[in-house]
1. Helix 49-63 against the longest principal axis of the chain: what's the angle in degrees, Cα atoms only, rounded to the nearest 10?
2. Restricting to DSSP H runs of at least four residues, report the calculated mean residue ellipticity at 222 nm for the chain, -39500 (n - 2.57) per run over all residues, nearest 500 deg cm²/dmol.
3. For the pair residue 16 and residue 65, what calculated FRET efficiency results from E = 1/(1 + (r/R0)^6), where r is the Cβ-Cβ distance and R0 = 25 Å, to the nearest 0.05?
4. From Cα pairs below 8 angstrom and at least 6 apart in sequence, can you work out the relative contact order of segment 13-84, rounded to a whole percent?
5. For residue 48 and residue 26 in one chain, what is 0.36 nm times their gap in residues minus the Cα-Cα distance, to one decimal in nm?
């Protein structure tokens, strides 16, 4: 990957970890401490394909009951029109 942000063009990206939310159908998997490159200017994040494939495989294993997640938490859901109205 080139070392500049494709969103804003800034040339400084830093190695960080972040929370990543993976959606498969209507099911969500929240994964903490995911490595990424993050633009120092706008915050756009870039993930290695192998990392995203590992997260997708983990989510599939959980959905197929081959693995238990570390925790299960309720998630509040809103539509924007309900918030704005």
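Read-outs throughout are calculated quantities, based only on the coordinates presented, and are distinct from any laboratory measurement. If you're wondering where the values come from, they're calculated on a predicted model, not measured in any experiment. Here the Cβ positions follow ideal geometry from the backbone for every residue, glycine too, while neighbour counts run over all protein chains shown.
1. 10 degrees
2. Rounded to the nearest 500, the figure is -7000 deg cm²/dmol.
3. Computed FRET efficiency for residue 65 and residue 16: 0.15.
4. The normalised contact order for segment 13-84 reaches 22 percent.
5. Between residue 48 and residue 26, full extension yields an extra 5.5 nm.
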